[in-house]
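Colleague: Sharing a structure, written as structure tokens. Questions coming.
The values are calculated or read from the model by the stated rules, or taken from the named source; none is laboratory data. This structure is a prediction, so every number in the text was calculated from the model and none was measured. Reconstructed Cβ throughout: ideal geometry from the backbone, glycine too, with neighbour counts over all protein chains shown. These accessible areas exclude ligands, DNA and RNA; they are computed on the full protein's heavy atoms, side chains included. Shrake-Rupley method; radii C 1.70, N 1.55, O 1.52, S 1.80 Å.
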Amino acid sequence: MRGMKPEAGESPAGVYRRHLESGVLGFQRCAGCGAAIFYPRVICPFCGRPDPTWETSSGHGVVYATTAVYRREGDPYNVVLVDLEEGFRIMSRVEAAPAEDVEVGARVTLRVDHEGDDLIPVFVLRDEGR
Ligand SMILES: [Zn+2]
């Protein structure tokens, strides 16, 4: 889906945040080579064309890699790489599931979490709703 347009002088990070504030994950698409671009940039990292256009992700993805991180206190948490269906990859975590239950190939859905002033894109297992 089409994303938001940058305002005059607005950085890619600013546009990215506005998407998260709307509860969606924004990414960019290069009008030159067609590549999906993430994390947001000023120019396409593949062909160098400036001003990639913004799109919004469906939030549907598949876990490409996962690691359970064990802490001295508390339950382990996971760090995952998720391949979104639009063709880009993001480092994140899967919430609301035991770390050891998150497997490569698991289908996940985006959720935007608030941590203080930060907006963090996380994922939940798709069969758990949302
Ligand atoms: Zn390009």
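Colleague: Going through the stretch 62-95 one residue at a time, which ones are more than 14 Å from V124 (Cα to Cα), touching a residue at least 24 places away in the same chain (Cβ under 8 Å) and small (G, A, S)?
Modeller: Passing the criteria: A65, A68, G87.
Colleague: Output the strands (runs of 3 or more DSSP E) that fall wholly within the stretch 1-85 and possess 3 or more residues being away from the ligand (no atom under 16 Å from the Cβ), modelled with pLDDT of 95 or more and open to solvent by less than 60 Å² (accessible area, probe 1.4 Å), or say none.
Modeller: Counting at least 3 such residues, we get 60-69, 77-84.
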